[in-house]
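The values are calculated or read from the model by the stated rules, or taken from the named source; none is laboratory data. Everything quoted here is computed from the prediction, not taken from an experiment. Methodologically, a virtual Cβ is constructed for each residue, glycine included, from the backbone with ideal geometry; neighbour enumeration extends over all protein chains shown. Remember, those area values only see protein heavy atoms, side chains included, never the ligands or the DNA or RNA. Shrake-Rupley method; radii C 1.70, N 1.55, O 1.52, S 1.80 Å.
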Amino acid sequence: MSDQGVLNFRGLGASEAEDFIRAVNRIALAANKSNDSSWKADLASTAFSGEALRWFRSLSPKIQNDWDALQDALLERYAPEQSLPDYSDKDSDSTTPNPAPAAAVEHLPAVFVVSRTPGSMEGYIKVISDFRTAYVGRELNKAGILGTTSTLTDALRVRVTPDSNPHNIETLFGTAS
């Protein structure tokens, strides 16, 4: 968080985010600015670097310039690690799963290959979150939900036709030759 006494935030995780928030609040208190949200936001804005700077710049000016809103955004973006629910349990008796935190889907992971069908690609859907990286599984659990898997052999194989609008994603069964 600190580089030779200079306030710095790189976005390395929850602990760094919490330390950063405390440091900004301590500096503001020492400068008699603890009630000046705009001043604290300005101070914080000078400390972002790397991935955290890119994230900060993606925020709306309203959040960038309001320390209370920025603290909330920091704590949400850099939340402590939690384990995701595992929907891949095929023997689960649960029919109402708890929703998983939102996960980002990578554009087209390296495991996509040119398909024998002109204008399309075949591969797997990779799901990336702050907690883990996995592929969409090919089997439904008892709740009727596709789970995730860390192995390509258990992953759902798909064909994507990017030229179509909307993009068609077709499930494939078996393996490609």
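Please name all residue pairs, on different chains or six or more residues apart, with Cβ atoms under 8 Å, provided the first residue is in the range 20-40 and is more than 21 Å from F56 (Cα to Cα) and the second residue is in a helix (DSSP H, G or I) and open to solvent by 60 Å² or more (accessible area, probe 1.4 Å).
Pairs found: A31/W39; K33/W39.
Scanning for something exposed (fewer than 15 other Cβ atoms within 10 Å of the Cβ) and on the phi > 0 side of the Ramachandran plot, does the range 38-47 turn up at least one residue?
There is no residue in the range 38-47 that is exposed (fewer than 15 other Cβ atoms within 10 Å of the Cβ) and on the phi > 0 side of the Ramachandran plot.
Which residue pairs have Cβ atoms under 9 Å apart, sit 6 or more places apart or on different chains, and have a first residue in the range 137-161 that is touching a residue at least 12 places away in the same chain (Cβ under 8 Å) and farther than 14 Å from V127 by Cβ and a second that is part of a helix (DSSP H, G or I) and open to solvent by 70 Å² or more (accessible area, probe 1.4 Å)?
Pairs found: E139/D154.
Within the range 77-95, can one find any residue that is at pLDDT 80 or above, over 30 Å from G147 (Cβ atoms) and open to solvent by less than 50 Å² (accessible area, probe 1.4 Å)?
no
State which residue is most open to solvent (accessible area, probe 1.4 Å) when the search covers only the range 54-68 and only residues that are in contact (Cβ under 8 Å) with a residue 24 or more places away in the chain and in a helix (DSSP H, G or I).
D68
Within the range 22-29, can one find any residue that is open to solvent by 50 Å² or more (accessible area, probe 1.4 Å), in a helix (DSSP H, G or I) and of a type in the set (K, R)?
Yes: the range 22-29 contains one or more residues that are open to solvent by 50 Å² or more (accessible area, probe 1.4 Å), in a helix (DSSP H, G or I) and of a type in the set (K, R).
Go through the range 60-81 and report how many residues are of a type in the set (S, T, Y) and more than 21 Å from R10 (Cβ to Cβ).
Of the residues in that region, 1 qualify.
Those residues that are among the aliphatic types (A, V, I, L, M) and under 16 Å from L74 (Cβ atoms), I need them from the range 26-63; list them, please.
I27, A28, A41, L43, A44, A47, A52, L53, L59, I63
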